[in-house]
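Asker: The structure that follows is given in the form of structure tokens.
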Amino acid sequence: MSQDADVIDRPSLYDTDYYAWTQAQAAALHARGAGETVLDYDNLAEEVEGLGKSVLRGCRSQVANIVRHFLKLQYALDRQPERHWRGEIIDFRIELQQDLTRSLTNRLRPQLSRIIDDQIESLSARGEIALPSSARPQAHETYTWERIVGRRWFPEPVSIPDKIDSAPAA
């Protein structure tokens with residue numbers, strides 16, 4: 001393969017999967033010969049890796065925002081902001097889709113259980129939701145990757161009496 005053909009392939013990956021491109025570029029820069037003095041390959045590689053990690057963190061944050069608002073829709077005692085939360089979920093999904101690629105999905109999907117647990121813990125500790133402990137596994141089953149990144153699915157609210165009965169005692 002000629003060097004020109006290799007250069008032509010890179011913009012295609014850059015345009016279709018930025019995260020994968022950053023990781024491939026970082027690996028290629030790390031592999032360069034030690035005799036090169038024009039570029040600071042180690043620092044350049046770290047910067048390129050950092051760009052990819054930044055995109056990954058941004059997508060993880062959007063997934064966490066979506067899960068947080070799913071939990072609010074389903075388990076919040078105050079129902080008034082429901083329309084606002086739905087709007088926020090729509091916006092978070094749009095932002096997520098702008099950066100989400102196959103390689104980012106492959107990195108984030110295994111973290112989904114942890115993201116859900118973190119959001120449950122945070123919202124419960126702040127008293128924003130009343131989630132019975134028996135519902136925690138249900139959240140993991142209900143909030144699938146496909147539903148999180150999809151455009152149309154929203155969780156159904158749990159009835160207020162169910163939430164009040166399951167709220168922790170003061």
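Asker: Scan 80, 98 and give me the residue that is open to solvent by 20 Å² or more (accessible area, probe 1.4 Å), more than 18 Å from residue 153 (Cα to Cα) and either assigned to a loop (DSSP other than H, G, I, E, B) or in contact with a Lys or Arg (Cβ under 9 Å, 6 or more places away or on another chain) (or both).
Answerer: 80
Asker: Do we have any residue at all in region 68-90 that's touching a Phe, Trp or Tyr at 6+ places or on another chain (Cβ under 6 Å), free of Cβ contacts under 8 Å to residues at least 24 places away in the same chain and not hydroxyl-bearing (Ser, Thr, Tyr)?
Answerer: Yes, there is a match, as at least one residue in region 68-90 is touching a Phe, Trp or Tyr at 6+ places or on another chain (Cβ under 6 Å), free of Cβ contacts under 8 Å to residues at least 24 places away in the same chain and not hydroxyl-bearing (Ser, Thr, Tyr).
Asker: In the set 120, 90, which member is among the β-branched types (Val, Ile, Thr), surrounded by fewer than 20 Cβ atoms within 10 Å (Cβ to Cβ) and assigned to a helix (DSSP H, G or I)?
Answerer: After ruling out the rest, the residue left standing is 90.
Asker: Right, next: What is the number of the single condition among (1) at pLDDT 95 or above; (2) open to solvent by less than 40 Å² (accessible area, probe 1.4 Å) that residue 139 does not meet?
Answerer: (1)
Asker: If you don't mind, there's one more thing I want to ask. Counting only residues that are open to solvent by 20 Å² or more (accessible area, probe 1.4 Å) and hydrophobic (A, V, I, L, M, F, W, C), which one in region 49-77 is farthest from residue 106 (Cα to Cα)?
Answerer: Within region 49-77, the match that is farthest from residue 106 (Cα to Cα) is 77.
Asker: Among the numbered conditions (1) in a helix (DSSP H, G or I); (2) open to solvent by less than 70 Å² (accessible area, probe 1.4 Å); (3) over 30 Å from residue 49 (Cα atoms), tell me where residue 104 comes up short.
Answerer: With (1) in a helix (DSSP H, G or I); (2) open to solvent by less than 70 Å² (accessible area, probe 1.4 Å); (3) over 30 Å from residue 49 (Cα atoms) applied to residue 104, the lone miss is (3).
Asker: Could you say which residue among 130, 125 is of a type in the set (A, V, I, L, M, F, W, C) and surrounded by 15 or more Cβ atoms within 10 Å (Cβ to Cβ)?
Answerer: Answer to the selection: 130.
The values are calculated or read from the model by the stated rules, or taken from the named source; none is laboratory data. The model shown is predicted, which means the values in this text are computed figures rather than measured ones. Here Cβ is always computed from backbone atoms with ideal geometry, including for glycine, and neighbour counts include all displayed protein chains. Surface accessibility is based on the protein's heavy atoms, side chains included, excluding ligands, DNA and RNA. Shrake-Rupley method; radii C 1.70, N 1.55, O 1.52, S 1.80 Å.
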